[in-house]
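Beneath this line is the structure, given in structure tokens, with notes to follow.
The values are calculated or read from the model by the stated rules, or taken from the named source; none is laboratory data. What you are looking at is a predicted structure, and each value in this text was computed from that prediction instead of being measured. As a convention, Cβ positions derive from the backbone with ideal geometry for all residues, glycine included, and neighbour counts pool all protein chains shown.
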């Protein structure tokens, strides 16, 4: 890993372009940025090698929450057992994100499972077997209003943003997960992996894999997300807010929250606190500023708790080091067996 690598403005524009179109060809990316395709590919490889960016793949969580099971889990654990717990949890494919957080909690997890029974198995048999475990609190997700694959770095000029967004963005919602879709997802530890390589991994033809992948993208089964190391974004602080909103105001309030540039994730959950949001902020002082702004703009929203992320360990399958750089990937697989 190139610890001395520092991205420049062209690198940041490249990341923004791939956030908009994660599997765009290098000719398309080069045309959008006004650079040579070979240069675009070389710069991207430099970012990947330095652990600063990577395209990941996972089930589209907003649709997943409607027919499957998303959950947030808070874990309290003995301090001497935390490192072991993080190592074990990082390798569980259903545990897609892990943060070490403040405010009376030790770990905050995001899980994707095909059903409540699988979620129960992971919690009762995998999590509860962790040495030093004190307590878990599970919050199942009822609606996802917004998530990180729609967050943008803000590095592209407006005229270049239009070039980076592919025409005919996926709008389908009728697709259903099938075994061959799962095969493709497992092979997408790199979301830009060429169809020929996926075909070699799955033992299928390239044309078949391209058709399946198009089904997944067009049917909104899968999200392809250009993940970026948080320290280079200009938004180095991550925080989680818990809130309560009257049921008849929940949709309107949550939709308004997703329009804020700081909000990476906004989801309705079960429990006394019925709304959870994760945010990226420019400074710790922004926690208080944003609280005041939310009170002014959204009077139906009552913040009940907030926590700052001390360290992100895993984000949508990407394993992160102490500096926030991507060191490895555990492919997201909700159907994985223990």
(request) Collect the residues in the stretch 276-297 that are surrounded by 17 or more Cβ atoms within 10 Å (Cβ to Cβ), within 18 Å of residue 101 (Cα to Cα) and free of Cβ contacts under 8 Å to residues at least 40 places away in the same chain, keeping them in residue-number order. (result) 277
(message) I'd like the full set of residues that are part of a helix (DSSP H, G or I) and touching a residue at least 60 places away in the same chain (Cβ under 8 Å), limited to the stretch 218-236.
(response) 230, 231, 232
(request) Evaluate the stretch 201-223: report whether one residue or more is over 30 Å from residue 288 (Cβ atoms), at pLDDT below 95, surrounded by fewer than 17 Cβ atoms within 10 Å (Cβ to Cβ) and within 20 Å of the chain's Cα centre (by Cα). (result) yes
(request) List the strands (runs of 3 or more DSSP E) that sit entirely inside the stretch 269-338 and contain at least 1 residues that are out of contact with any strand residue (DSSP E or B) (no Cβ under 6 Å at 6 or more places or on another chain) and either at pLDDT 95 or above or over 13 Å from residue 91 (Cα atoms) (or both). (result) none
(message) Go through (1) buried (at least 19 other Cβ atoms within 10 Å of the Cβ); (2) farther than 24 Å from residue 223 by Cα for residue 300 and report which single condition fails.
(response) (1)
(message) Based on this model, can you work out whether residue 67 counts as at pLDDT below 95 and more than 12 Å from residue 111 (Cβ to Cβ)?
(response) yes
(request) Please determine, by comparing only the residues of the stretch 101-127 that are touching a strand residue (DSSP E or B) at 6+ places or on another chain (Cβ under 7 Å) and surrounded by fewer than 16 Cβ atoms within 10 Å (Cβ to Cβ), which one is nearest to residue 328 (Cα to Cα). (result) 102
(request) Could you pull out the residue among 98, 75 that is farther than 28 Å from residue 232 by Cα and at pLDDT 95 or above? (result) 75
(request) Would you check which residues across the stretch 240-268 are free of Cβ contacts under 8 Å to residues at least 40 places away in the same chain and part of a loop (DSSP other than H, G, I, E, B) and list them? (result) 259, 260, 262
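Yes or no, residue by residue, for (1) surrounded by 19 or more Cβ atoms within 10 Å (Cβ to Cβ); (2) outside any loop (DSSP other than H, G, I, E, B):
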| position | (1), (2) |
| --- | --- |
| 5 | no, no |
| 10 | no, yes |
| 17 | yes, yes |
| 28 | no, yes |
| 44 | yes, yes |
| 48 | no, yes |
| 58 | yes, yes |
| 72 | yes, yes |
(request) Take the stretch 181-203 and flag every residue that is in a helix (DSSP H, G or I), out of contact with any helix residue (DSSP H, G or I) (no Cβ under 6 Å at 6 or more places or on another chain) and touching a residue at least 40 places away in the same chain (Cβ under 8 Å). (result) 182, 185, 186
(request) Would you check if there is a residue in the stretch 259-268 being under 25 Å from residue 10 (Cα atoms) and exposed (fewer than 15 other Cβ atoms within 10 Å of the Cβ)? (result) yes
(request) Could you tell me which residue of the stretch 74-93 is nearest to the chain's Cα centre (by Cα), considering only residues that are buried (at least 16 other Cβ atoms within 10 Å of the Cβ) and part of a strand (DSSP E or B)? (result) 74
(request) Scan the stretch 225-245 for residues that are closer than 21 Å to residue 26 by Cα and in contact with a helix residue (DSSP H, G or I) (Cβ under 7 Å, 6 or more places away or on another chain) and jot them down. (result) 225, 226, 228
(message) Exactly one of these conditions fails for residue 117: (1) closer than 30 Å to residue 305 by Cβ; (2) within 17 Å of the chain's Cα centre (by Cα); (3) assigned to a helix (DSSP H, G or I). Give me its number.
(response) (2)
